[in-house]
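The structure appears right after this line, and notes come after that.
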């Protein structure tokens, strides 16, 4: 085996990928597989998206052998990066924030000849030194970059060196990202996990700005304009006007769902804001800005790379992914309507609405809001002398141990004659008074055939836990003996007590 003609050492701030490519470049080895073959070891077997090499004992031994010098102490920087606790967290929209695809600042590469490790983080977008977006394509010929030692020289497509190429997109670094770059450069272990959580959430939402379902993904997928989306995510968090513009576009793009209520229109913005862990100027002030401040300009593009494989649909993809925005799960509908998930589950029970791909049992099943509207509109805007309007937020449901979802479901199945209020189908139900009263009695009877949880009893009786205990002490109620003590109330005793109250 021939000796390596040049044997470089790591440079501060360099990524391990970049160092290995630099070893290859100075020895005329360009493909990563060639470099590892000469080193006599294999690429990391960790299943990251793309290529993200990690420090291993085999790699250290191979490098020391081929570079002919002790190098373990020089790899501590790479080991520190590998050990950062915040790089991989389960409860985040982007779980692993290590970005496994080449993304560079051409001017920095031309000046320093290395790849900065911070470029391979999914939440960085802009080089603070040159105020330019990190790029995944050649600014001159638009050729997509790939992992190769030529990345340290110039574009393999047009064969221009990075120092000679102009046209790198110039932008302003957000104050939050500027602070992040400083933290990563000085003490990356001190990065705030809540901050990363919110940025990853913003990235996922700007990728799908008009959807109510947003999937958590294992790692950021290959996307050549990833930096543009990340920069937009920072603006949504920081700039109230950008956030308000997003709201305006949601109203325009989701207008087909208006019959389900106004809340459906800007649901993506509301859901996004509710899930943030920190206070941001964009959402906190952007909800108050009137829409007429802006002209009708679309500035929020969509892409389907952040749709989970389980939710992908070939027909949707062929149409540009627009239909994804109309989908709801039980959980998303609950958050938008303000109902609890049990009430929404009751609404969708019995297959009254078609499910996407005929998935009928899973709680992850999906429903198209437009299909829901068409089914609702088959029923009249009910108005007779005996009809009454029942608001879905009425206390009558909890007092009778039922939910508005069960009543709507009963109307849709034609068990109870009724109809719905046009323009806000989920807010009011028109039903015959006598049939509604009979339905409530039946619901209460069904619910009290079994033991009832203490929280439901408190809601139904509009009392406190201590008052329930007092009623048990007075033998007006009983604890359910087959359940955990004082967590469940005997159903028949509750029914008798409520009947006396009537």
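We did not get these values from a lab; they are worked out from the coordinates using the rules stated. Bear in mind that the values here come from a model prediction, so they are computed numbers and not experimental data. Because the Cβ atoms are built from the backbone with ideal geometry, glycine has one as well, and the counts that use them run over all protein chains shown.
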Let's test the formula: R0 of 45 Å, r as the Cβ-Cβ distance of residue 291 and residue 194. What FRET efficiency results, to the nearest 0.05? 0.90
Computed over segment 16-83: relative contact order in percent, which uses C-alpha pairs under 8 Å that are six or more apart: 27
Compute the distribution of all C-alpha to C-alpha distances in segment 448-502, in bins of 5 Å from 0, and list the percent of pairs in each, rounded to whole numbers. 5, 22, 37, 29, 6, 1
Degrees, to the nearest 10: 491-501 long Cα axis against longest axis of the chain: 50
Evaluate 2.2 N^0.38 Å with N set to the residue count of segment 16-83, then give the Cα radius of gyration divided by it. 1.04
With the Cα gyration tensor of segment 392-502 in hand, convert its eigenvalues to equivalent ellipsoid semi-axes via √(5λ) and list them largest first in whole Å. 30, 13, 12
In deg cm²/dmol, rounded to the nearest 500, the helical mean residue ellipticity at 222 nm of the chain, built from -39500 (n - 2.57) for every DSSP H run of length 4 or more, is -11500 deg cm²/dmol
By how many nm would the segment from residue 299 to residue 83 grow when fully extended, if each residue of separation counts as 0.36 nm and the alpha-carbon distance is taken off? 74.0 nm
What three numbers, in Å, describe the spread of the alpha carbons of segment 1-151 along their principal axes, ordered from the longest? 43, 39, 24
Once the convex hull of the C-alpha atoms of segment 106-192 is built, how many Å³ does it hold per residue, rounded to a whole number? 96
Please report the equivalent ellipsoid semi-axes of the chain, computed as sqrt(5 x eigenvalue) of the Cα gyration tensor, largest first, in whole Å. 57, 27, 19
So for the pair residue 218, residue 5, with labels modelled 7 Å out along Cα→Cβ, what separation do we get in nm? 4.0
